[in-house]
1. Looking at region 24-69, what % of the alpha carbon pairs are farther apart than 15 Å?
2. With just the Cα atoms of region 659-739, tell me how far they stretch along each of the three principal axes, in Å, largest first.
3. Taking region 9-211 as the region of interest, what is the percent of Cα-Cα pairs per 10 angstrom bin, listed from the shortest bin to the one with the maximum distance?
4. Considering only C-alpha atoms, what is the centroid distance from region 33-68 to region 405-441, in Å?
5. How far apart, in nm, are the 7 Å Cα→Cβ label points at residue 336 and residue 698?
6. Obtain the nm distance between the two label points defined at residue 433 and residue 168 by a simple spin-label model: each point lies 7 Å from its Cα along the Cα-to-C-beta direction.
7. Calculate the FRET efficiency for residue 551 and residue 211 from the Cβ-Cβ distance with a Förster distance of 60 Å, rounded to the nearest 0.05.
8. Taking the alpha-carbon set of region 238-296, what are its Rg and Dmax in Å?
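What follows is calculated from the coordinates using simple rules that are stated; it is not laboratory data. Note that the coordinates shown come from a computational prediction; the quantities given were computed from them, not determined experimentally. In this analysis, Cβ positions are derived from the backbone assuming ideal geometry, glycine residues included, and neighbour counts consider all displayed protein chains.
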């Protein structure tokens, strides 16, 4: 093993120049001991990371300095956060400890750096990644800067991810999609969220990303000319308002364009809302709303608006603090153009979200929207969870992207995720209201507790102290708060019932003169439970009976299982035969560079990988190794939570297998010949085996699901292109089981 290479003199000069550049930008914001603490943090980080290098070969210390720059320039954080950003990897990766940080910095810095440091040495946990996520997320209600610095760290890692192996890139992209993107949305970090989405697309679908980037670049000149022509007729009228304003255009995120292409099934050149025009006014806070509507009036005087596309987030801001007035109008040449109207304050919050929160604290909405959300987060954090994964799932439910507004009988507004139910609303009002809800009225009409709320619903909840949550309630709620509170109540009820089972078991063992403490864990294992509480609850419900202890005999105050003659076991297939059965389709796969035949593996049914797909291996707990596509519907969850079970997998050059692929074909239902035309194209012309074919037509369109057998992705591409050329077919796409 080679000796780590220390930073050279030339590299030291570059590092110092980067830090000095940051200090010059920071200088107007510094006061008191800030200069001293920043230099101390820099010197500690340089010394601690002196032997470390990034995968690209550059000195590691350049990474925390760049994270600090992002935190200041792109997120607007202050000196304390910048110090913590410089120190964010020191405790985790160097000889320095938290005690060393305590000696040189104030308690706030110590607390934030501790929050940024990954847990180490954890054993017997289901997911170390989930435990680390839980640690970071748990800091939200104490100091949101931990999360914000973590975001800066992640954005820099994604920007410089090119030197990492592909399987690690996929894992980092999965983690980002699973938790960081929804968290960035909930914190109002629009720019960070958009960049996360685009960089994840670049990793997961590099060809798609490259193709769309090129097309956007090619259309830049035409787009600029169109925007200038669009804005020109409004300029004179906007000037008459006698307030400072500026206009800018915003290109739709590449990931958003791709999602539109996929969901709408339209080509790039048919996406007309590829950009939005933004009009930003500089006006006192108390006049913002009035002037925004005046600007709206000017725009709709010049261009015809589309009424159903008016979105008023000025009167009612989004749950993540976003304020803006959106309208879509018909611009020159009949093109739809989205116009966003906002103040300078609204624009800063729209771009930087929670990071701009403190600057406008006390202004209407600026305090309440975040405090309301953090209140929900605090309740999830305070609830006992059986595992970090359970906590993470509850937390993610609070990171909803789309929301609805419902009202109490007194007119108080509640913001809930789209899809939330009447029972979710009850828990959002107060935990006790949820616990004891017996009947719910929506707009004075009695509805089931599982009724999905609509915008503007008025909800009246009737309660009864004797009412208690049941397991069935978990199927009727979607919010993390409701789910965690229901589970918590059920655990308490389960514990109370379990006490009765425990007492019955203690009496029985006492009568048998058996030591309870020495035998209880053996009984838990014998009856197949995970914990003592589970056994006690089963005893209280008669799922396990005390009489079943007859299977044991008592020896020296201990229970010993009686010997029972067991029937001859059916002969099990040998491991070799099992392996052959699992690997009946030798698919030329390499796992960590070794032939996959060395493992017990199978191709996953949820995404049906085909030769040529990007793939990864997931080591399951019971069924061996499963091979998934990297864009499998389950990939993000698996990689984000079980990274330690992910194995690098790739296809070798040889082809020796056939793969089943499901296709979704849609088009105009002409009533005749569609089935014949499709089967003729696939089976007769291309010689592809069709395993199954189902088609249905309604209201002039048809939808067909076809299962075919192909050798690789190249052959699949040929089939899709051929099918799309069949008369009447509008789209042909590959689908996974999860899409069915």
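1. 51
2. Projected onto its principal axes, the Cα set of region 659-739 covers 35, 30, 18 Å.
3. 8, 33, 38, 18, 2, 0
4. 49
5. 2.4
6. Between residue 433 and residue 168, the simple spin-label model gives 5.0 nm.
7. Values: r = 67 Å, r/R0 = 1.11.
E(calc), rounded to 0.05, equals 0.35.
8. 16.3, 45
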